[in-house]
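One structure is given here, and the rest of the page talks about it.
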Amino acid sequence: MRVKTVQINWHDKLPIFSVDFDHSYSGTGWRFATGGGDNNVRIWRLRTPQERETDAQSPAVEFLASLNRHTAPVNVVRFAPGGSRLASAGDDGVIIIWRQVAEVAGEDIEAWRPAAMLRGSLADICDLAWSPCGGFIVSASVDNTARIWDAREARCLQVLADHTHYVQGVAWDPKGEFLVTQSSDRSVRMYRWMGAAKAAARPGSEIAMPLAAHYSMPRLDTDADTAEANGEDSAREDSGDIKDADLQGMDVDSAQHKPAIRKTQRLFHDDNLA
């Protein structure tokens with residue numbers, strides 16, 4: 001089987017930071033969007049093998065539209081479930097929700113117009129995720145927050161400010177029950193989505209609740225492990241014995257062995273672990 005790499009050079013030869021396929025596209029072939037360093041969003045169509053066999057001289061990728069409203073590089077593009085809408089965001093801190101319209105002008109084959117602009121993030125936006133129902137968006141920003149937006153009413157519903165460093169990724173589970181955020185602070189945070197009904201019934205209330213408790217993952221102390229293996233007293237033994245019964249229902253500081261307040265669950269990646 002022969003494989004040929006498709007190259008897209010329609011972002012003025014600047015970096016392309018994001019790509020997303022429209023899984024609800026009803027036309028011929030496959031539609032996808034790209035966001036790049038030229039501040040633009042581009043819409044494309046990948047031709048079917050049958051089309052390419054019929055017209056071998058035509059490019060495998062067809063340009064459909066250029067979306068020009070961002071004032072800084074576009075970091076992320078995401079099609080909404082059900083198609084016909086596209087969300088984009090970037091270094092300008094603005095989320096633009098685009099809607100496909102019938103009027104086509106210029107060289108574009110498709111026409112897209114801004115349906116809403118979501119403002120509120122204090123810095124660059126790194127990632128976006130649509131809720132499975134297509135009514136909400138969660139965004140990740142380098143202002144250390146994730147924000148939940150009502151895509152229909154164009155307003156921010158809740159700011160998740162639990163991370164201590166850049167929030168670089170967000171995801172919504174396929175059933176719409178949980179949200180997950182990832183950050184440069186080496187943690188992943190999980191939230192339970194309370195649903196659109198609560199958002200409508202109680203404006204301003206928390207609609208994404210943190211899950212479980214917080215447990216720090218201690219770094220491996222190779223020197224202490226070696227000393228303990230040689231029969232020497234470890235720092236843990238010097239600090240006194242702690243019974244398992246004393247640890248129930250509380251977090252423990254691995255260095256001082258003191259009870260700590262229960263917090264939101266954080267899952268750390270530790271470079272010392274194999």
### Count of residues meeting criterion [aliphatic (A, V, I, L, M), farther than 13 Å from Val76 by Cβ and modelled with pLDDT of 90 or more] in the stretch 119-145
1
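Residue-by-condition table, conditions (1) crowded, with 20+ Cβ neighbours inside 10 Å; (2) within 16 Å of Trp112 (Cβ to Cβ):
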position	(1), (2)
Ser24	no, yes
Trp30	no, no
Ile43	yes, yes
Val61	no, no
Val74	yes, yes
Arg85	yes, yes
### Query
Can you find a residue in the stretch 119-131 that is over 19 Å from the mean Cα position of the chain (by Cα) and surrounded by fewer than 20 Cβ atoms within 10 Å (Cβ to Cβ)?
no
### Query
Do the conditions hold for Gly37, that is, is it open to solvent by less than 10 Å² (accessible area, probe 1.4 Å) and closer than 29 Å to Gln168 by Cβ?
no
### Summary
The lone condition Gln50 fails out of (1) open to solvent by 70 Å² or more (accessible area, probe 1.4 Å); (2) more than 30 Å from Gln168 (Cβ to Cβ); (3) assigned to a loop (DSSP other than H, G, I, E, B) is (3)
#### Entry: Ala171 in a strand (DSSP E or B), open to solvent by 30 Å² or more (accessible area, probe 1.4 Å) and at pLDDT 95 or above
yes
### Query
Given the structure, is Arg186 farther than 22 Å from Ser24 by Cβ and either at pLDDT below 90 or not in a helix (DSSP H, G or I) (or both)?
yes
### Task
Just one of (1) under 21 Å from Asp173 (Cα atoms); (2) part of a loop (DSSP other than H, G, I, E, B); (3) in contact with a His (Cβ under 8 Å, 6 or more places away or on another chain) trips up Asp92, so point out which.
(1)
### Task
Restrict the check to the stretch 191-209 and report whether at least one residue is within 25 Å of Ala80 (Cβ to Cβ), in a strand (DSSP E or B) and at pLDDT 90 or above.
yes
### Query
Among the numbered criteria (1) in a strand (DSSP E or B); (2) under 17 Å from the mean Cα position of the chain (by Cα); (3) of a type in the set (Gly, Ala, Ser), which single criterion is violated by Ala65?
(2)
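The values are calculated or read from the model by the stated rules, or taken from the named source; none is laboratory data. Given the structure is predicted, the values throughout are model-derived calculations rather than measurements. Don't worry about glycine lacking a Cβ; one is built from the backbone with ideal geometry, like all the others, and counts go over all protein chains shown. Note: accessible area is taken over every heavy atom of the protein model, side chains too, but ligands, DNA and RNA are not part of it. Shrake-Rupley method; radii C 1.70, N 1.55, O 1.52, S 1.80 Å.
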